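Student: Questions regarding the structure given below will be posed in turn.
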Amino acid sequence: MPSFERESQRIVIAGASSLLGAELKSLLEESRFAGWDLRLVDEEVAAGTLTEAGGEPAVIQPVEEGSFDGARLIFFAGSEDFTLANFEMAQRSGAVIIDLSGLSINFANTFVWYPGVENFRRQSFPEKPHLTAVPSAPAEGIVRLSLALQGLGLQSLSATVLQSVSATGKSGIEELETQTTQLLTFQNPGKERFDVQVAFNSLDRFGPARQADSHAARKTLRNDISGCLRGGGVLPSVDLVHVPVFYGVTFSACARLDDGADKERIAEACQQAGFAILDEWGIGPNNLSAAGETVVQLSKPHPDLLQPGSWWFWGAADNIRLPAWNAVKLAEKLAP
């Protein structure tokens, strides 16, 4: 493996045409990496897409031999399949990899990072990690909750994630928009992406001929959570539901705690774990309140009156901005 190019100022965004890739590019250009050489690559179908980088016109290129050469940092922001197809080549370059696709989060040599993880896990930041991963927004929220409640006698945790269509990419957003318009004008909705009506509908899976894989999304979410909690923390039971919303992600969680826990102690523990606790008498966390935010929002818990010791939580996050922001903050640690 080539030696790490410590003085290189080249960054490669692999999966640059994705919503996450575009957000990464925007945040990098607003960070101290502004002025660095940004190389944008993606799958063949996205190659040739005209965009801009550093205020100049740029074209997204296909991944070819040498695409990662000379890079100091490589972000994977596309699908797991795309990451898998190009992972070995990226490793051969000697650059530090920041994986947001979910592929490597459970690899034994992957350092999983999100803000505050060093305190949670009581571990120091590795000196020279070559493989790092950032979890998705819903995974981070559920992991933070599991770790926050450990000191309150957490016995079990279950969560349901309400995923918006932006998790399936630009084509998912376009299909929801098209279906909504068609249904409001009494037309049969097109179903090319999901093979089912997603507008005005909640689903636990898409149709059999879908292009977006709901089962794979559920598996990736669970892998993200298990990778973050590797070596400590209560593993939750997690399910995923697709809702007719364009952006953001929300989740409902139920935790079984020791009898001595009360609302204020629980809320304080969650705030110390990095959540933004919203006023319980106002409007709680939602897709709009979380838009553009770089923390997971959480409402104060409320007890389950039928099951003493069980507490309910409601949270929200920006599913695009949050992991992209975390990835840039991680990059700043990796390339000081």
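Student: Within segment 137-153, how many residues are part of a helix (DSSP H, G or I) and open to solvent by 10 Å² or more (accessible area, probe 1.4 Å)?
Tutor: 7
Student: Now, a different point. All but one of (1) surrounded by fewer than 13 Cβ atoms within 10 Å (Cβ to Cβ); (2) in contact with a Lys or Arg (Cβ under 9 Å, 6 or more places away or on another chain) hold for Leu184; state the number of the condition that does not hold.
Tutor: Here Leu184 clears every test but (2).
Student: Then there's this: Has segment 312-330 got any residue that is aliphatic (A, V, I, L, M), within 20 Å of Cys270 (Cβ to Cβ), in contact (Cβ under 8 Å) with a residue 12 or more places away in the chain and not in a strand (DSSP E or B)?
Tutor: yes
Student: Right, another one. Anything in segment 285-315 that is closer than 19 Å to Val249 by Cα, open to solvent by 30 Å² or more (accessible area, probe 1.4 Å) and of a type outside the set (S, T, N, Q)? List them, or say none.
Tutor: Leu288, Ala291, Gly292, Glu293, Val295, Lys300, Trp312, Trp314
Student: Here's something else I'd like to know. Filter segment 232-260 for residues that are more than 29 Å from Leu19 (Cα to Cα) and either touching a strand residue (DSSP E or B) at 6+ places or on another chain (Cβ under 7 Å) or not in a loop (DSSP other than H, G, I, E, B) (or both); which is most open to solvent (accessible area, probe 1.4 Å)?
Tutor: Per the criteria, the residue is Arg256.
Student: Assess whether Ser171 counts as being farther than 30 Å from Pro336 by Cα, in contact with a Ser or Thr (Cβ under 7 Å, 6 or more places away or on another chain) and either in contact (Cβ under 8 Å) with a residue 12 or more places away in the chain or open to solvent by 60 Å² or more (accessible area, probe 1.4 Å) (or both).
Tutor: In short, no.
Student: Yes or no: Leu298 assigned to a loop (DSSP other than H, G, I, E, B), over 14 Å from the mean Cα position of the chain (by Cα) and either acidic (Asp, Glu) or under 28 Å from Glu264 (Cα atoms) (or both)?
Tutor: No; evaluated as a whole, the condition is false for this residue.
Student: Another question, then. Any chance segment 229-237 includes a residue that's under 12 Å from Val165 (Cα atoms) and among the aliphatic types (A, V, I, L, M)?
Tutor: No: zero hits.
Student: Also: Taking segment 1-20 as the region of interest, how many residues are at pLDDT below 95 and among the hydrophobic types (A, V, I, L, M, F, W, C)?
Tutor: Number of matching residues: 3.
Student: Evaluate segment 27-45: report whether one residue or more is open to solvent by 50 Å² or more (accessible area, probe 1.4 Å) and touching a residue at least 40 places away in the same chain (Cβ under 8 Å).
Tutor: Checking segment 27-45: at least one residue is open to solvent by 50 Å² or more (accessible area, probe 1.4 Å) and touching a residue at least 40 places away in the same chain (Cβ under 8 Å).
Student: Can you name every residue in segment 190-221 that is surrounded by fewer than 18 Cβ atoms within 10 Å (Cβ to Cβ), free of Cβ contacts under 8 Å to residues at least 24 places away in the same chain and in a helix (DSSP H, G or I)?
Tutor: His215, Lys219
Student: Still on this structure: Going by what's in this entry, would Gly66 be described as assigned to a loop (DSSP other than H, G, I, E, B) and surrounded by fewer than 18 Cβ atoms within 10 Å (Cβ to Cβ)?
Tutor: Taking the combined requirement at face value, the residue satisfies it.
Student: Same structure, new question: Listed residues Ser146, Ser104, Ser136; which is within 16 Å of Phe87 (Cβ to Cβ) and not β-branched (Val, Ile, Thr)?
Tutor: Just one listed residue meets the conditions, Ser104.
Student: Would you check which residues across segment 69-83 are in contact (Cβ under 8 Å) with a residue 60 or more places away in the chain, more than 8 Å from Ile11 (Cβ to Cβ) and either more than 16 Å from the chain's Cα centre (by Cα) or not in a loop (DSSP other than H, G, I, E, B) (or both) and list them?
Tutor: Those that are in contact (Cβ under 8 Å) with a residue 60 or more places away in the chain, more than 8 Å from Ile11 (Cβ to Cβ) and either more than 16 Å from the chain's Cα centre (by Cα) or not in a loop (DSSP other than H, G, I, E, B) (or both): Gly70, Phe76, Glu80, Phe82, Thr83.
The values are calculated or read from the model by the stated rules, or taken from the named source; none is laboratory data. This one's a predicted model, so the numbers in the text were calculated from it and none came from an experiment. Neighbour counts are summed over all protein chains in view; Cβ atoms, including those assigned to glycine, are modelled from backbone coordinates with ideal geometry. Keep in mind that these areas ignore ligands, DNA and RNA; they rest on the heavy atoms of the full protein, side chains included. Shrake-Rupley method; radii C 1.70, N 1.55, O 1.52, S 1.80 Å.
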